[in-house]
Amino acid sequence: MSQQKERIAYLLEVYTSQKATVQEEQELMEWMQEAQEEGELKTYIENLWDHYKRESEYSHVNWDRMFESVINRDKVFSIAGEAKRKRIPWGRIAAAAAVLVLLASGTYLLLTPNNNKPSTTKADSQQDFKKDITPAKQQVILTLSDGTIKMLDNVTNGTITLQGTTQAVKNDGSITYLENKNAEVVFNTIATEKGRTFHLQLADGTDVWLDALSSIHFPTSFPGKERAVEITGQAYFEVAKNAKQPFKVRSGDQVVEVLGTHFNINAYTDQDAMRTTLLEGKVKIVNRQSAIGNASTDPQQQSAILKPGEQAILTHDSRLTVHGVDAESVIDWKKGYFSFNNATIKTVMQEVSRWYDIDVSYEGNSREIFSGKIDRNLSLRELLEGLGETRVHYRIEANKKVIILP
């Protein structure tokens, strides 16, 4: 084996045995970005792979499914606890090495607790599954200004007329409103049910993606001095630039003011705060509650200007703060992933319940904290098995009820 291959073999060995230094981990990650299928190195990794398959600690892993899942992803391979994510060309050997790294770092299914203790407890009552639960895939509902309701999944693809001269083009999981400055301005609402995301393009060219259990209320054209919409739940915006016509998004007590930018708003009412994350451009966050004279609110917290990579958090008691985040990970939901950063089990299960249409209750108070991401296309059983690897106990009961145990 060449000196370089010996070095890679050494790096894989120390990493998978959790003995690598920070510098050695970085060196390994850099190699994995350039990994090629080479004979001797391939043999080494395959032997290491076989070693892990024989270990009783990993006897529960469906190795074939996991390997295929990894090599079929053209997404980002992430290591729990790292802020930076590295893109890897998914050759089979790079993929095999990646899975070994996932196992060594405790990130099976890319979902990990924030500590590094080995996983020793499996979830309770997995054998109780009679029928696996898949993502809910419920309806997307369009409500017209006169109250007419249309189930968009039942609408044929192509151009459709919605009240008078308003027209839109429907294409499977997307609808585009066509600009008509002579049309009467009416308001529509599009809402997603559990397990659904949806894309729409407004008449001004602004693109909006809705997460599950979210909605947007909007005009079918924008003839006035501003473009204003209102949302609930979570939405990602790519706003068409128009300096003469500012774009505003209202969600609860918050208003986001923009000219042209990319940002995400998470405004689910069952969470502790609203979170607005900026990916591109500049936005102004205004707390409407404090702006109308809430005497208990610090005047300095009434508004904030966000730069890319920053997130504004507006709590229910009208406190507005700003901090830096990994903005790309915030919109992992749009790419088909759950993404967590130091999230509690309740935060995790809130997202899971919106996606799988399940009811969740808790016996005891789990203090596990999770960071990482997991594929939204997994069945509930696969997802809960992944949670089980992080020492979360659960029980499944009838009528899609999940109980998180102490």
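Each value in this text was obtained by applying a stated rule to the coordinates, not by laboratory testing. The structure presented is a predicted model; accordingly, all values stated were derived computationally and were not measured. Cβ: placed from backbone, ideal geometry, glycine included. Neighbour counts: every protein chain shown.
Place the peptides 352-358, 239-245, 145-151 in order of packing, highest mean first, counting for every residue the other Cβ atoms within 10 Å and averaging per peptide.
352-358, 239-245, 145-151
Would you mind estimating how fast the stretch 139-184 diffuses translationally, via Stokes-Einstein at 4 °C and 1.567 mPa s with the Kirkwood radius over Cα pairs, in µm²/s? Mind dumping the intermediate values first?
Working: Rh = 11.1 Å.
Translational diffusion coefficient: 116 µm²/s.
Take each of the peptides 317-324, 162-169, average the number of other beta-carbon atoms within 10 Å over its residues, and list them starting from the highest.
162-169, 317-324
Taking 21 Å as the cut-off for C-alpha to C-alpha distance, list the pairs among 181/241; 373/401; 194/400; 181/225 that go past it. Walk me through the numbers before you get to the answer.
On the way: 181/241 18 Å; 373/401 23 Å; 194/400 13 Å; 181/225 14 Å.
The pairs that break the limit, which is 21 Å between Cα atoms, are 373/401.
Counting only residues 5 or more places away or on other chains, whose amide H sits under 5 Å from the amide H of residue 175 once H atoms are built in the peptide plane?
199, 200, 201
Counting only residues 5 or more places away or on other chains, whose amide H sits under 5 Å from the amide H of residue 368 once H atoms are built in the peptide plane?
Residues meeting the criterion, in which the H sits 1.01 Å from N, are 345.
Can you compute 3J(HN,Hα) from phi for each residue in the stretch 329-336, using the Karplus curve 6.51 cos²θ - 1.76 cosθ + 1.60 with θ = phi - 60°, rounded to whole Hz and x for Gly and Pro?
Each residue's phi maps through the Karplus curve to give 5, 5, 9, 4, 4, 5, 9, x Hz.
Translational D (Stokes-Einstein, µm²/s) of the stretch 140-330 at 25 °C and 0.890 mPa s when Rh comes from the Kirkwood sum over C-alpha pairs?
143
Could you grab the relative contact order for the stretch 140-330? Cα pairs under 8 Å, six or more apart, rounded to a whole percent.
Taking the mean separation of contacting Cα pairs over the length of the stretch 140-330, I get 12 percent.
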